[in-house]
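The values are calculated or read from the model by the stated rules, or taken from the named source; none is laboratory data. Treat the numbers as computed from the prediction; the structure is a model and nothing was measured. Note: ideal-geometry Cβ built from the backbone for every residue, glycine included; neighbour counts use all protein chains shown.
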Amino acid sequence: FRAHSMFDAQAYRTREEVEQWRTRDPVTKMRQWLLDSHLADEATLTQAEARVEAQVEEAVAFAEAGTLEPVEEVERFVLGAGVGARAAPAAPSEGGAHVAAGPTANVEVVA
């Protein structure tokens, strides 16, 4: 079990809670079940884990070697028009339901 990041002190969990969850870890339980059921041996699982670790390292290296997208591109298709401007709440329609989305979504449904 690891923290979310190197800056996470995990002050929100006790050591006892972490240990309790460690015993319930589904990956560890599945690994042990495969061994106990004779569906895989230690060498096979170790090789599989090494392949996964290599794939993760390759993906991290690819991501770190890439260039950052311009902010304009990252925000495209995520936020509605008027990004950064707080949308004023619309008046309810007469005789119908009115739903307005959050401040940056600028989405309005009127029935």
> Which members of the stretch 7-38 meet the condition of being surrounded by fewer than 10 Cβ atoms within 10 Å (Cβ to Cβ) and part of a loop (DSSP other than H, G, I, E, B)?
Replying inline: Phe7, Ala9, Ala11, Tyr12, Arg24, Ser37, His38
>> Looking at the stretch 39-53 only, could you name the residues that are part of a helix (DSSP H, G or I) and more than 21 Å from the chain's Cα centre (by Cα)?
In response: Glu42, Ala43, Thr44, Leu45, Thr46, Gln47, Ala48, Glu49, Ala50, Arg51
> Has the stretch 18-28 got at least one residue that is of a type in the set (Phe, Trp, Tyr) and modelled with pLDDT under 90?
Replying inline: yes
